[in-house]
1. If Lys and Arg each add +1 and Asp and Glu each add -1, what is the summed charge of the other residues whose beta carbon sits under 14 Å from the beta carbon of residue 153?
2. At what distance in nm do the modelled label points of residue 385 and residue 357 sit from each other, each positioned 7 Å from its Cα along Cα→Cβ?
3. For 163, 314, what's the fewest-to-most ordering of other Cβ within 10 Å of each Cβ?
4. I want to check the label-to-label distance for residue 378 and residue 156. Put each point 7 Å from Cα in the C-beta direction and report it in nm to one decimal.
5. Taking a ≥ b ≥ c as the square roots of the Cα gyration tensor eigenvalues, with a/c under 1.5 meaning rounded and otherwise prolate when a/b beats b/c, else oblate, which class fits the range 26-392?
6. Compute a Gaussian network model of the chain, connecting alpha carbons closer than 10 Å, and tell me which residue from 262, 205, 183 fluctuates the most.
7. Using a Förster distance of 22 Å, how high is the FRET efficiency between residue 124 and residue 37, based on the Cβ-Cβ distance and rounded to 0.05?
8. Of the peptides 349-356, 281-288, how do they stack up when ordered by the mean number of other Cβ atoms within 10 Å, highest first?
Amino acid sequence: MSAIYQSILHPSEIYSLVKYKLLDEKPEKTRLNHLLNITSRSFARVIQSLDPEIRQAVCIFYLVLRGLDTVEDDMTIPKEEKIPLLRVFHEKIYEKGYCYYGNGPNEKDAVLLHSFDHVIEEFLKLKPKYQKVIADITKRMGNGMADFITKKVETMQDYNLYTHYVAGLVGIGLTELFKESNLEKELDLDQANEMGLFLQKTNILKDFVTDLEEGRLFWPKQVWEQYVNDPKDFVLPENREKALSCLNDLVADALELVPSCLSYMSKLENKSVFHFCAIPQVMAIATLVLFFNNYSVFEKSVKIRRGLAVKLITEITDFEKMKQLYYDYALEINEKARNVDGEYNIGRVTEACANIVRWIRADDQRKQVTRKTTGYVYYILLFMVLAVVFISQ
Ligand code: IN0
């Protein structure tokens with residue numbers, strides 16, 4: 001109900017919320033669907049609408065990674081236990097009956113690991129080609145996470161490596177699943193990595209307050225140390241300008257990934273795969289628009305309205321819609337930037353937006369050319385049909 005109140009000034013979102021609710025098909029009551037719904041309500045629905053050929057593989061991939069993440073994330077697990085577990089997690093998924101009970105009481109996805117035997121049981125039923133992709137990515141991710149337990153994210157290079165491990169590899173793994181299923185052809189793996197980086201960099205910005213409360217931070221030191229000696233100082237009112245400059249710098253760094261992501265998205269052929277990949281991307285860009293130059297990021301956890309999220313889920317049905325949305329968002333950030341007095345790294349953000357707009361215009365132009373040629377082909381076909389009709393009379 002509060003979702004409706006939040007959107008009271010945005011009637012189109014209320015329409016989307018109601019429509020979304022009415023269209024809610026109850027998925028099959030399997031144990032796996034139940035676990036999926038506990039870990040992610042809205043994303044579960046997107047997974048369930050994937051093509052049947054890969055739905056189960058993606059669902060299990062998601063749950064396995066969510067399990068790994070639940071180990072990494074839990075600050076109550078001692079390092080001596082956590083690091084080796086992260087490194088062997090890819091072997092656990094072949095161990096029938098394995099469950100993990102070491103999470104602290106406040107870990108919200110601990111139930112997933114309590115019922116992990118169900119995930120394993122279903123994993124072992126997947127086609128071996130899908131099992132291989134999932135195990136390989138889990139191995140690389142677990143080891144990367146383990147490396148970062150004792151190492152902080154300091155340089156931009158660390159930041160790119162850490163986000164590669166926890167999210168870029170997800171993009172690479174999903175791309176391999178799509179290819180193995182023949183639903184998609186060969187896609188660019190660097191762009192697949194950047195799809196993940198874009199999502200995770202947005203998450204890292206979003207989690208500033210909660211991460212700092214738990215005594216950690218994934219914002220790269222190389223960036224924040226240009227503004228303050230200790231990131232905790234960002235919350236002091238006198239550091240408002242510095243905080244915003246740092247935030248905008250990292251917003252720009254994320255926005256610079258958008259052209260690669262659009263390029264990846266433009267090559268997807270299967271509609272269900274497109275939708276599955278597009279949803280997290282559009283949520284992330286909407287989140288960045290909200291975060292740009294927004295001091296609340298340092299005060300509380302800021303989220304897009306549920307109504308907006310649902311509106312995006314129901315409206316982004318094809319690539320042309322996605323381009324239109326990105327175009328509008330790029331212009332919206334520029335508009336916001338024009339009204340900011342002071343430097344605040346506005347230049348880097350507007351440059352990133354200009355590149356997004358340029359990419360979209362270039363794609364439009366390319367498509368117009370192909371549209372003209374297809375139009376031409378239709379004329380020839382029509383002419384031939386008429387000729388055949390004429391001759392056969
Ligand atoms: C994801 C990604 C995801 C989906 C589609 C294509 C992707 C391409 C590259 C990388 C990741 C891709 O999407 C989910 C979205 C999600 O889980 N949303 C949650 C939000 C939340 O707050 O938990 C929801 O409930 O709606 C995602 O965030 N990640 C993810 C994990 C596994 C898989 Cl298979 C796909 C996590 C992360 C860290 C961004 C990769």
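Rule-based calculations on the coordinates, nothing more; no lab input. Remember, predicted model here, so these are calculated numbers, not experimental data. Cβ sites come from the backbone with ideal geometry, for glycine too, and all protein chains shown count toward neighbours.
1. -3
2. 4.2
3. 314, 163
4. The answer from the label model is 4.6 nm.
5. Verdict is oblate for the range 26-392.
6. 183
7. 0.50
8. Ranked by mean Cβ neighbours within 10 Å, highest first: 281-288, 349-356.
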